[in-house]
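This report refers to the structure that appears directly beneath it.
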């Protein structure tokens, strides 16, 4: 389990910027210790624990990139047509064989090793064959249509760096370098609570003043896209002692805890109080909308994130707090949230001094995608997320944005 000292995050500010919170996490949360070896078929999404240096060049030998004819470029005249005698054939998987004599060419297929002496390949559609005589036009550059050994990856170079979150291309490269398995970081065990007597689990029966719990399932789904082990810990009641006892027990069995609700200043908001009672409150409240009432603390060495109860705010704060914290525990290299520039097709006013995220739909534009604001702005409206394509990110110094201005957007397809 992650073991952090209670004062490792000491911060005196009342309202923390998104960057300051991320910097605290990056600087002061160590990755979990240990590593394990997993076969390539299980490596996707895991975090590489050790640098992988190429044990051999890729490709491992000089070969043809096309179907055609291999020959010595020195035989090709600067002008006019060249005639060569066909001498042999090489297909992928066959040994290169004898040295190619001057004035001859070898029929060669894609991926076959170049015969010794040959240094250039002419594509088959550019050659005229009359019996055993090849007619080749002039003008081809030396080494054309060939792949030198090590063209992709030279022997001994860093092919994959420790901290890489492995995607299918990384897995394919490791396989091409002959690795049947890779050393990866352990997956942090992350427990997820919802809080509040007003919540009922989906599939159950609603009381007269209850709604079905959604945040827990949104957060578990977001965690499923990370190299972690999400654990559903259910719903905490609105009772201070029960909340504290549940958090104490869960902190001892998990590497990180994630809660939603109970971190504001209401009489029934007990998560922040439990963190202060049992450990240390690192920070409370972000300069962020939606998502200001977010808390972070340390309980018995385990980091605890208390996210807001409103669904949109919970997701926004997950992206800025829980995601980087989970990746840090995994030992992953920093992964900024993907962003691109769009053109605003809306007017929006905001307060200075805080980051704000507006739900937008994206449509094609003349030069840039057009971002149109959803008409509903409430932080509790889940359908405003399902009806949108991205968050428009409005920086702290922005107070108004209007049609035609450039705006940075975070596409849901890449962050969810």
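Restricting things to Cα coordinates, could you compute the convex hull volume per residue of region 243-291 in Å³?
91 Å³
Show me 177-186, 141-150 ranked by packing, highest mean number of other Cβ atoms within 10 Å first.
My ranking of the peptides, most packed first, is 177-186, 141-150.
Extension gain residue 335-residue 74, at 0.36 nm per residue separation less the Cα-Cα distance, in nm?
89.0 nm
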*Dimensions of region 1-157 along principal axes (Cα, Å, largest first)?*
84, 33, 22
*Would you mind calculating the gained length between residue 61 and residue 98 on full extension (0.36 nm times residue separation, minus the Cα-Cα distance), in nm to one decimal?*
11.8 nm
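By average Cβ neighbour count within 10 Å, what is the ranking of 192-201, 319-328 from highest down? Numbers along the way, then the final one.
Details: 192-201: 21.0, 319-328: 23.4.
Going by the mean number of other Cβ atoms within 10 Å, highest first, we get 319-328, 192-201.
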_Give me the three principal axis extents of region 31-75 from the C-alpha atoms, as integers in angstrom, largest value leading._
61, 19, 14
_Please compute the Kirkwood hydrodynamic radius of the chain from all pairs of different C-alpha atoms, in Å with one decimal._
25.5 Å
*Based on the Kirkwood radius over alpha-carbon pairs, what is the Stokes-Einstein translational diffusion coefficient of region 165-293 at 20 °C with 1.002 mPa s viscosity, in µm²/s?*
126 µm²/s
*Mean separation of Cα pairs under 8 Å and 6+ residues apart, divided by the residue count of the chain: what relative contact order is that in percent?*
18 percent
_What are the extents of the Cα atoms of region 90-165 along their three principal axes, in Å, largest first?_
57, 27, 19
_Please report Rg (one decimal) and Dmax (integer) in Å for the Cα set of region 250-340._
13.1, 42
*Dividing the convex hull volume of the Cα atoms of region 242-399 by its residue count, what figure in Å³ per residue is obtained?*
133 Å³
_region 340-415, Cα convex hull volume normalised per residue, Å³_ = 89 Å³
_Cα-based radius of gyration of region 79-231 once divided by 2.2 N^0.38 Å, which approximates compact folds_ = 2.03
_Angle between the chain longest axis and helix 240-253 axis [Cα atoms, degrees, rounded to 10]_ = 30 degrees
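We did not get these values from a lab; they are worked out from the coordinates using the rules stated. If you're wondering where the values come from, they're calculated on a predicted model, not measured in any experiment. When we count neighbours, we look across all protein chains shown, and the Cβ atoms used for this are built from the backbone with ideal geometry, even at glycine.
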